Structure formats: C-alpha cells, structure tokens
Amino acid sequence: MNTIAIVTDSTCDIPREAAEKAGITIVPLSVIHGEKSYLDGLDLTPATFYPLLKSSNALPTTSQPSPAQFQATYERVLETASEIVSIHISSELSATPSSARMAAEAIGAGRIHVVDSGFVSYALGLQVLQAANLAREGLTAQQLVDRLGRMRSSMELVFTLDTLHYLQKGGRIGLASALLGTVLGIKPVLRVEDGHLVPAGKARGTKAALTSVVD
C-alpha cells in the first residue's frame, strides 16, 4: 500500500499531542538564548519561553534544523512510509525549507516532496493538518502538493501584537516610536505577504486592533 507521511517543523505551532494523534512528525528548530540552545517545543515551550523573554535584556534567536537532522528524520519515517510530504515555514522567513530540500536530495529517489507553505504559525499548521487528513483519504503525494498549492493561494495570516517592546528590542522600530506608541496604546497589525511579514495597519487599543484584524 502507498502510504504518505507528513513532516513539518516546530513553527507550525501544532501541539505535540495533536501532531502525534494525526501521525505528523515535527522537526524542531533551535532557540538560542545566551550560551544555551533549546529544541523548540521539546526543551522550550511557550510556558517557559515567555517568562525567559521578559526576564532577559537580549532577544533569543532561532536556527533552522540542519540537513543532517532532516535526513535522519526522513530515513526513520521512510521505514514505514513510501513517500513523505514535508511542509515548512516560508523560505522568506527561515532557511528551514532549504535544509529540508538538501536532505531530500541526499536521500534521492523522489520519495520526499518539500513544500514551502509561504506562511508561519497556524497558517502553516492548517496546511499540515489538512495534508494529514488528505493522506488518510488516500491521495497521492502529488495530489497533496497540488491541493496545498490551492489552499495556500486562498489563505491569509493577519495578527496584532500586544506590545511594541520586542519590535523595538529587535531593531524593527526606534525607541522613540516604541515609547510614543506605548503611551498612546498603539497596537500594530501585521500580515504575511509573499512569505514576508509586512505592516497592515495600526490601531489604538487591543479591541480596535482585533477589530482591524477581522476587517
């Protein structure tokens, strides 16, 4: 029987329990904070990450899984599956899809189909969950890739941030803008466009920002 396995990375924000139930394999990115490196979703969870973020003067950075990590995962998954559809964060935001493609080429034989989702977070996660559902329905790997392409073209990811602090800390905006925005209660609204994060507007207060996201 032709079995299709679904692989993704930890930026999909699918809870581990839900991923395991759906038969989805998650390859973690690394989160580097100071001299320590954590595996996203394994060594570091949202419950431990946000207190760490608030208590630190330096922003953590991320690092994509290496081709060797992907290759080890693919080889293990192919022990029980005939093909893999591997769906990942936008290549404009991370080199993760590049690492996945290098591993797929190293294994060869066209058994691994790497898909750039064009998104991050749950816009990626929705594609991954839909792929898992379609794989169970018996679609071929190419049919899955085609369906994901149509799904991707009809998706939108829009969100707001509760604070300007980390945009300023990461150099995205100046200190004066951050201070003024904080005083006025300005909340930025962002969206993903062609794989990039771009401004979509701003609103005064969380309620107005959420309304702007819905609009």
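The values are calculated or read from the model by the stated rules, or taken from the named source; none is laboratory data. Just so it is clear, the structure is predicted and the values come from calculations on it, not from any experiment. For neighbour counting, all protein chains shown are included, and Cβ atoms are generated from backbone atoms with ideal geometry for every residue, glycine included. These area figures cover heavy atoms from the full protein model, side chains too; ligands, DNA and RNA do not enter into them. Shrake-Rupley method; radii C 1.70, N 1.55, O 1.52, S 1.80 Å.
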Exclusive hit being at pLDDT 95 or above and either among the hydrophobic types (A, V, I, L, M, F, W, C) or at negative phi (or both), set V183, V115, V192, V120: V115
Return the pair list, or none, for Cβ contacts closer than 7 Å from residues in segment 116-145 that are of a type in the set (D, E, K, R) to residues that are buried (at least 22 other Cβ atoms within 10 Å of the Cβ), at least 6 apart or on different chains. D116/H88; D116/S90; D116/P97
Here are some conditions: (1) within 20 Å of I112 (Cα to Cα); (2) buried (at least 19 other Cβ atoms within 10 Å of the Cβ); (3) in contact (Cβ under 8 Å) with a residue 60 or more places away in the chain. A22 meets all but one. Which one does it not meet? (2)
Within segment 32-52, restricting attention to residues that are assigned to a strand (DSSP E or B) and under 19 Å from E20 (Cβ atoms), which residue is most open to solvent (accessible area, probe 1.4 Å)? L39
Of all residues in segment 197-214, count the ones that are touching a residue at least 24 places away in the same chain (Cβ under 8 Å), open to solvent by 80 Å² or more (accessible area, probe 1.4 Å) and not in a helix (DSSP H, G or I). 1
Selection from segment 3-19 of residues that are hydroxyl-bearing (S, T, Y) and surrounded by fewer than 22 Cβ atoms within 10 Å (Cβ to Cβ): T3
From the residues in segment 53-108 that are open to solvent by 40 Å² or more (accessible area, probe 1.4 Å) and among the β-branched types (V, I, T), which one is nearest to D9 (Cα to Cα)? T62
